Amino acid sequence: MTFSALRLDGVTRRFGGKDALTGLSLTIGKGEFIALLGPSGCGKSTALNCLAGLLPLSEGSIWQDERRLDTLPPERRGFGMVFQNYALFPHLSVRRNIAFGLQMRRVPRAEVRRRTDEAIRLVRLDEHAAKLPGQLSGGQQQRVAIARAVVLEPSLVLMDEPLSNLDAKLRLEMRTEIRRLHQSLGLTTVYVTHDQEEALSLADRLVVLRDGQVQQIGTPAELHDAPANAHVADFMGYRNLLPMKVSSPGTVEGSGLSFRATSSLPVGSDVVVAIRPEDLLVGPGGVPVTVEVVEYQGREAAVEARTLSGAPVHLRVTERPSPGDKVTVVADPARVLVFPA
Amino acid sequence: MTALRHRLAERGIDRQLALLLPALLCVLVLFVYPFAYGVGLSFQPSSGGVLGAYRTFFEDPYQRDTIATTLGLSLPAALLNVAASVPIAYRMRGRFRGKRLMTTLLVVPITLGTVLTAEGLLNFLGPTGWFNRILPGDAVRLTNNYWGVFFSLIITGFPFAFLLILSYLSGIDPSLEKAAATLGAGWWQRFRRITLPLLAPGLATTFCLTFVLAFSVFPSAVLVGDPAGSTRVISIAAYHAGYEAYDYPLASAIAVVMGVIELVVVAVALGLRSLFYTGTTSSGKG
C-alpha cells in the first residue's frame with residue numbers, strides 16, 4: 001500500500017474518566033521506525049491498541065494521508081500487529097498461521113503459497129513450517145508472529161513489547177533480526193517497549209511517554225544527549241538524579257556535591273541534576289565520596305558510593321576500588337544536565 | 001529390599017497409595033458392586049435363558065420403540081442446548097455490566113429442579129394456561145405430548161450447557177481474536193476460523209453431558225409428557241418392568257441397554273472430537 005505519511009492527531013483514550021493517553025500527535029513517515037517508550041502504565045500499549053483499532057479513541061483522529069482510519073474496525077485498517085504473547089493460533093500450523101491474513105484478504109491461492117513460503121524463508125523457519133506453535137521455542141514463535149504480520153506487507157507494523165518474553169541472549173538476537181527485517185523490507189513500524197536500550201538501538205525516532213503524556217519526541221541521539229526533563233533523563237540512563245540548588249551562575253550544589261554546569265535557572269532555585277554513571281569520573285580535585293558497593297561488569301565496575309551528606313551516587317570506573325575506599329569525583333560541565341525541580 | 005522399594009516408588013507405588021483405600025472401598029461397595037449385581041441380574045431372567053430378558057425387550061415393539069422415542073427427544077434437545085448456548089455464550093464472553101445477574105438468571109432453572117419446571121409448564125402452556133387462553137381455540141397443544149418434554153429438557157438442560165460453554169470460551173485467549181482481526185478477519189471469520197475450532201472439543205464434551213442428562217429423562221416425561229404414548233421413554237419402560245411388573249431381570253436389562261446406547265453416542269461424539277485440535281487454547285508462552 002502506498003502512502004506518504006500516517007498522522008496521529010490528538011489521540012486520547014480515557015478509561016472510566018481517567019486519561020490513559022492524552023493528546024498524542026505524531027506524524028510517521030513511510031518506512032520510519034518509531035518506538036513508544038515508557039514505564040508500564042504510561043499509555044504506550046493503549047496508544048498501540050488505539051492505532052490497531054482494538055480500542056476506540058475517546059478523542060482525536062488517525063489519518064493515512066487523506067484517509068481517516070480511526071473510524072474503521074481493525075480488520076479494515078490493513079495494519080499488521082505482533083502481540084506481546086504472540087497470539088499465534090494454536091490449532092493452525094506455522095504455515096497456516098502465516099497464510100491466515102492472506103486468505104482473509106482473498107489473495108489467489110498460488111500467490112498465498114508463494115508469499116507464505118517467502119515469509120517462512122525470511123524468518124528462517126523452513127523446517128518448522130508444518131509444526132504447531134506449541135511445538136516451537138519462544139524465539140521461533142516470535143519469528144512466526146513477525147512473519148504473520150509482515151507477510152501482508154502492511155502499511156504499518158505494530159509491535160507490542162515483542163521481545164519481553166524472551167531470555168536475554170535471544171532478545172539481543174531477535175533485536176538484530178527485527179532491525180534486519182526493517183532494513184530489508186522498509187516497513188513502517190511502531191514499536192512499543194519499556195527497554196530504553198531496545199528503543200535506542202532499533203528506532204529512527206522515539207516517543208517517550210509518562211502517565212499518558214508525551215514527554216519528548218526525537219531521534220535516539222537527541223534523547224540520549226539532551227533529554228527534555230528529569231523523567232526522560234531517568235529513562236535514558238541518567239542514574240544519578242540529584243536534588244541540588246543553583247548556588248551561583250554556573251555552579252550547582254547540594255546532596256554533598258558541587259559541580260560546574262550551565263543553567264539558565266536563577267540562583268537559589270531548586271533543581272534536579274542528571275549525570276550518567278559513565279560521566280562521573282574519579283579524578284583529583286573533585287568531591288569526596290565513599291565507595292559502598294562494587295559490581296563487576298567485565299572491563300568496568302559499577303560503583304555505588306555515598307557523598308558526605310549521605311546521598312547515593314552511581315559511577316562506572318575502570319580501576320576497581322574496594323568498598324570503604326574514599327575517592328573524589330568530577331564531571332564535565334557539558335555532561336551535567338540541570339532540570340527545574 | 002531397599003532397591004525394590006526404590007524401583008516401585010519410581011513407578012508411583014509407595015506407602016502413600018494406602019491413602020486411597022477408604023475411597024476405593026466406598027467406590028467398590030456403593031458403586032461397583034451394585035452395578036455388577038444389576039448387570040448379573042439382567043442375565044438371570046425367570047425364563048428364556050441367559051439372554052431372555054434382552055430378548056423380551058427387543059422382541060416387543062412397545063418396549064423396543066422406547067429407544068427411538070428417547071433418542072428422538074434427547075438428541076435434538078442436547079443438540080439444541082449446545083447450539084443455542086454457543087452464540088449466547090459468545091456474546092457474553094467479555095466483561096460487561098450485569099453479567100453476573102444474567103448468569104444467575106440463566107442458572108436458576110437448574111436449581112429449581114425438573115418437577116417445579118414441569119409444573120410451571122403445565123400451568124403456563126397447559127389447556128387452561130395463559131398461553132392457550134390468549135391464543136384462540138385449542139390449536140396449539142404443548143403439554144402432555146412430545147413438546148412438553150422437549151421444552152422441559154431445554155429449560156433444565158440449557159443453563160447447564162450454557163455455563164459449561166461459557167467457561168470453555170473464557171479459556172480461549174482473547175488476544176487470538178484480536179490477532180485475527182488485525183489480520184483482516186471479520187467477526188464471522190474470526191468465529192468460524194479461530195474460536196469455533198478451539199471451542200469444538202468443549203462442545204463435544206458439553207454435548208455428551210447434556211445428552212446423558214436428557215437420555216435418562218424421567219420426571220418430565222411423566223409430568224408434562226404422554227407417558228403411555230409418544231413420550232414413553234426408556235426409563236419409564238425400566239420403571240414399569242422393575243416396580244410395576246416386579247421383573248427385576250428385565251428392568252436391569254433395560255438399564256444395561258440404556259447404558260450401552262449412552263456409551264455409543266458418547267463414543268461417537270468423542271470420536272468426532274478427536275478430529276479437532278485438542279491442545280491448549282492459549283497462545284504461545286504468555
Could you figure out which of (1) more than 19 Å from the chain's Cα centre (by Cα); (2) away from chain A (no Cβ under 14 Å); (3) crowded, with 20+ Cβ neighbours inside 10 Å isn't true of B:Asp226? (3)
So B:Phe211 clears everything in (1) touching a helix residue (DSSP H, G or I) at 6+ places or on another chain (Cβ under 6 Å); (2) touching a residue at least 40 places away in the same chain (Cβ under 8 Å); (3) facing chain A (nearest Cβ under 7 Å) except one condition, right? Which one? (3)
Only one residue in B:Thr182, B:Thr281, B:Thr195 is modelled with pLDDT under 90, polar (S, T, N, Q) and within 30 Å of A:Pro154 (Cβ to Cβ). Which one? B:Thr281
Any residue at all in segment B:178-190 that's β-branched (Val, Ile, Thr), in contact with a helix residue (DSSP H, G or I) (Cβ under 9 Å, 6 or more places away or on another chain) and in a helix (DSSP H, G or I)? yes
Looking at segment A:239-250, can you tell me whether even one residue there is surrounded by 14 or more Cβ atoms within 10 Å (Cβ to Cβ) and under 20 Å from the mean Cα position of the chain (by Cα)? yes
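Among the residues in segment B:102-109, are any over 18 Å from B:Pro76 (Cα atoms), within 12 Å of another protein chain (Cβ to nearest Cβ) and surrounded by 19 or more Cβ atoms within 10 Å (Cβ to Cβ)? Walk me through how you get there before you give the answer.
If we filter segment B:102-109 for residues that are over 18 Å from B:Pro76 (Cα atoms), which is where we start, we get B:102-109.
Restricting the remaining residues to those that are within 12 Å of another protein chain (Cβ to nearest Cβ) gives none.
Checking segment B:102-109: not a single residue is over 18 Å from B:Pro76 (Cα atoms), within 12 Å of another protein chain (Cβ to nearest Cβ) and surrounded by 19 or more Cβ atoms within 10 Å (Cβ to Cβ).
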Tell me whether segment A:329-337 contains one or more residues that are more than 30 Å from A:Ala199 (Cβ to Cβ), at pLDDT 85 or above and either open to solvent by 50 Å² or more (accessible area, probe 1.4 Å) or under 33 Å from the mean Cα position of the chain (by Cα) (or both). yes
Selected residue [at pLDDT 90 or above, over 30 Å from A:Val273 (Cβ atoms) and out of contact with any Phe, Trp or Tyr (no Cβ under 7 Å at 6 or more places or on another chain)] from A:Ala199, A:Ala130, A:Ala221: A:Ala130
Would you please name the residue that is nearest to the chain's Cα centre (by Cα), looking only at residues in segment B:33-76 that are part of a loop (DSSP other than H, G, I, E, B) and touching a residue at least 12 places away in the same chain (Cβ under 8 Å)? B:Phe43
Residues of segment A:204-246 being over 18 Å from A:Ala311 (Cα atoms) and in a strand (DSSP E or B), which ones? A:Arg205, A:Leu206, A:Val207, A:Val208, A:Leu209, A:Arg210, A:Gln213, A:Val214, A:Gln215, A:Gln216, A:Ile217, A:Gly218
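Can you report the number of residues in segment B:201-246 which are of a type in the set (D, E, K, R) and closer than 19 Å to B:Phe57 by Cβ?
Filtering segment B:201-246 down to residues of a type in the set (D, E, K, R) leaves B:226, B:232, B:244.
Of the ones still in play, those that are also closer than 19 Å to B:Phe57 by Cβ are B:232, B:244.
Of the residues in that region, 2 qualify.
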Given the residues B:Gly171, B:Gly279, which is the only one that is within 9 Å of chain A (Cβ to nearest Cβ), open to solvent by 10 Å² or more (accessible area, probe 1.4 Å) and small (Gly, Ala, Ser)? B:Gly279
With criteria (1) at pLDDT 90 or above; (2) assigned to a helix (DSSP H, G or I); (3) away from chain A (no Cβ under 14 Å), B:Arg232 comes up short on (2)
How many residues are open to solvent by 10 Å² or more (accessible area, probe 1.4 Å) and not hydrophobic (A, V, I, L, M, F, W, C) if we restrict to segment B:202-221? 3
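So which residues in segment B:174-202 are farther than 19 Å from A:Leu102 by Cβ and facing another protein chain (nearest Cβ under 7 Å)?
If the condition is that a residue be farther than 19 Å from A:Leu102 by Cβ and facing another protein chain (nearest Cβ under 7 Å), then B:Ser175, B:Leu198 are the ones that fit.
Results for (1) open to solvent by 30 Å² or more (accessible area, probe 1.4 Å); (2) closer than 18 Å to B:Leu71 by Cβ; (3) not in a helix (DSSP H, G or I), shown as yes or no for each residue.
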position	(1), (2), (3)
B:Leu142	no, no, yes
B:Phe150	no, yes, no
B:Pro159	no, no, no
B:Leu163	yes, no, no
B:Leu166	no, no, no
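The values are calculated or read from the model by the stated rules, or taken from the named source; none is laboratory data. Everything quoted here is computed from the prediction, not taken from an experiment. Because the Cβ atoms are built from the backbone with ideal geometry, glycine has one as well, and the counts that use them run over all protein chains shown. SASA here: full protein model, heavy atoms, side chains in, ligands and nucleic acids out. Shrake-Rupley method; radii C 1.70, N 1.55, O 1.52, S 1.80 Å.
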